[in-house]
Amino acid sequence: MAHSDDATKAWVSAIPTKNSDGNVTEWMLNYKYTLAVAGKDDYIKIFNIYVKIKTPSKAPASYTKEELLTLMDKDHCDLMFNKKYNVHTTAQPVITTDTDFDVSGLS
């Protein structure tokens, strides 16, 4: 099961821009994922997605949440959340500087 399946998801905002007919020409969508991490603060990722509507034909209230999720490509957001969560929860390698390295030994 993917981490995104376990995450709590919530709308932060959906801000429409409308033309003179009152139809949406673009959306600024903000969608939040939250998932607990053992021994750490919850991992939270808010996706800020800008979507331009190619053929404006609907008022903001005519959209459903499901339509907005489709517009923002929720599957892609799920995938990106999974990747970012994995990086957040995986121990990072220790990086060291070898100040004693002798370059004269190289060919």
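Placing +1 at every Lys and Arg Cβ and -1 at every Asp and Glu Cβ, with all other atoms neutral, what dipole size does the chain have around its Cα centre, in debye to the nearest 20?
Values: 12 positive and 14 negative charges, 130 e Å.
My answer is approximately 620 debye.
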* Under a point spin-label approximation (7 Å from Cα along Cα-to-Cβ), what is the residue 28-residue 67 distance to one decimal in nm? -> 2.1
* Once log10 I(q)/I(0) by the Debye sum over Cα atoms at q = 0.15, 0.17, 0.18, 0.21 Å⁻¹ is worked out from the coordinates, which option in [x] -0.72, -0.83, -0.89, -1.07; [y] -0.83, -1.00, -1.08, -1.27; [z] -0.59, -0.77, -0.86, -1.18 does it equal? -> [x]
* Decide, for the range 1-44, between rounded, prolate and oblate: order the square roots of the alpha carbon gyration tensor eigenvalues as a ≥ b ≥ c, take rounded if a/c falls under 1.5, and otherwise choose prolate if a/b is larger than b/c, else oblate. => prolate
* Which of 19, 34, 7 sits closest to the plus end of the dipole of the range 3-83, meaning its Cα is farthest towards the positive end, when Lys and Arg get +1 and Asp and Glu get -1 on the C-beta? -> 19
* Structure fact -> To the nearest 10 degrees, the tilt of helix 74-89 (Cα long axis) against the first principal axis of the alpha carbons of the chain is 30
* Structure fact -> With Cα springs under 10 Å, the Gaussian network model of the chain assigns the largest mean-square fluctuation among 60, 93, 16 to 93
* **Charge sum, other residues only, whose C-beta stays under 12 Å from residue 2's C-beta, Lys/Arg counted +1 and Asp/Glu -1** => -3
* Structure fact -> Listed by chain and number, the lysines with an alpha carbon less than 20 angstrom from that of residue 52, same-chain partners under 8 positions apart left out, are 18, 65, 74
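Only the coordinates and a few stated rules stand behind these numbers; no lab work does. Remember, it's a predicted structure, so these values are computed and weren't measured experimentally. Glycine gets a Cβ as well: all are built from the backbone with ideal geometry, and neighbour counts include every protein chain shown.
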